[in-house]
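Q: One structure, pasted below without further comment.
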Amino acid sequence: MNKRLVIIVWIGFLLLLFGVTIPKMENFIQYSESVAGVPTPEDVTIEHYNFFLFSTYTPFVHDEYGITHLGTLGQFFPISEGQFDQPFWLEWLR
């Protein structure tokens, strides 16, 4: 019984940690500007999908999608090399 309780508490802690540390849109804009070294242009829109444990951010400009970033634990991880359409797995998770 004690092992189960420890595992449940540990999983609950991890879920809470992931949920609380999801980066916000402002964090992504600051991140992308620091990586690019220039401010984000006015004509760039950022598609943001918020899930319970992570978020994805994809710049969209001139009918083309840029590099999709996974935002979790207060950091951003690129999960694509840039594409001309939305990642297929985002359609499934909506």
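The values are calculated or read from the model by the stated rules, or taken from the named source; none is laboratory data. What you are looking at is a predicted structure, and each value in this text was computed from that prediction instead of being measured. Backbone-built Cβ (ideal geometry, glycine too); neighbour counts: all protein chains shown.
Q: Pull out all pairs, ordered by first then second residue, where Cβ-Cβ is under 6 Å, the residues are six or more apart or on different chains, the first lies in the range 19-35 and is in contact (Cβ under 8 Å) with a residue 40 or more places away in the chain, and the second is crowded, with 16+ Cβ neighbours inside 10 Å and not in a loop (DSSP other than H, G, I, E, B).
A: Ile22/Ser55; Pro23/Gly71; Phe28/Tyr57; Tyr31/Phe76
Q: When the residues of the range 68-91 are narrowed to those that are exposed (fewer than 13 other Cβ atoms within 10 Å of the Cβ) and at pLDDT below 70, which ends up farthest from Val20 (Cα to Cα)? Reasoning before the result, please.
A: First, the residues of the range 68-91 that are exposed (fewer than 13 other Cβ atoms within 10 Å of the Cβ): 74-75, 77-78, 81-82, 84-85, 88-89, 91.
Restricting the remaining residues to those that are at pLDDT below 70 gives 84-85, 88-89, 91.
Numbers: Phe84: 32, Asp85: 30, Phe88: 27, Trp89: 24, Glu91: 24 Å.
Step by step, filter the range 68-91, then rank; the result is Phe84.
Q: Looking only at the range 1-54, filter to residues that are touching a helix residue (DSSP H, G or I) at 6+ places or on another chain (Cβ under 8 Å) and of a type in the set (Ser, Thr, Tyr); which one of those is farthest from Pro78 (Cα to Cα)?
A: Step one: filter the range 1-54 for residues touching a helix residue (DSSP H, G or I) at 6+ places or on another chain (Cβ under 8 Å), giving 23, 39-40, 46, 48-49, 51-54.
Of the ones still in play, those that are also of a type in the set (Ser, Thr, Tyr) are 40, 49.
Working: Thr40: 17, Tyr49: 15 Å.
It comes out as Thr40.
Q: Moving on to the next point. Which residue is farthest from Ser55 (Cα to Cα), if the candidates are limited to the range 7-45 and must be assigned to a helix (DSSP H, G or I) and among the charged types (D, E, K, R)? Write out each step before concluding.
A: Here is the first cut: in the range 7-45, the ones assigned to a helix (DSSP H, G or I) are 7-20, 25-36.
From what is left, the residues that are among the charged types (D, E, K, R) are 26, 33.
Values: Glu26: 13, Glu33: 18 Å.
Per the criteria, the residue is Glu33.
Q: What number of residues within the range 1-45 satisfy the criterion of being of a type in the set (Ser, Thr, Tyr) and surrounded by fewer than 10 Cβ atoms within 10 Å (Cβ to Cβ)? Lay out the reasoning, then the answer.
A: Here is the first cut: in the range 1-45, the ones of a type in the set (Ser, Thr, Tyr) are 21, 31-32, 34, 40, 45.
Subset that is surrounded by fewer than 10 Cβ atoms within 10 Å (Cβ to Cβ): 34.
Of the residues in the range 1-45, 1 are of a type in the set (Ser, Thr, Tyr) and surrounded by fewer than 10 Cβ atoms within 10 Å (Cβ to Cβ).
Q: Moving on. Residue check, Asn27 against (1) at pLDDT 85 or above; (2) within 9 Å of the chain's Cα centre (by Cα), all met but one. Which one?
A: Checking Asn27 against (1) at pLDDT 85 or above; (2) within 9 Å of the chain's Cα centre (by Cα), the one that fails is (2).
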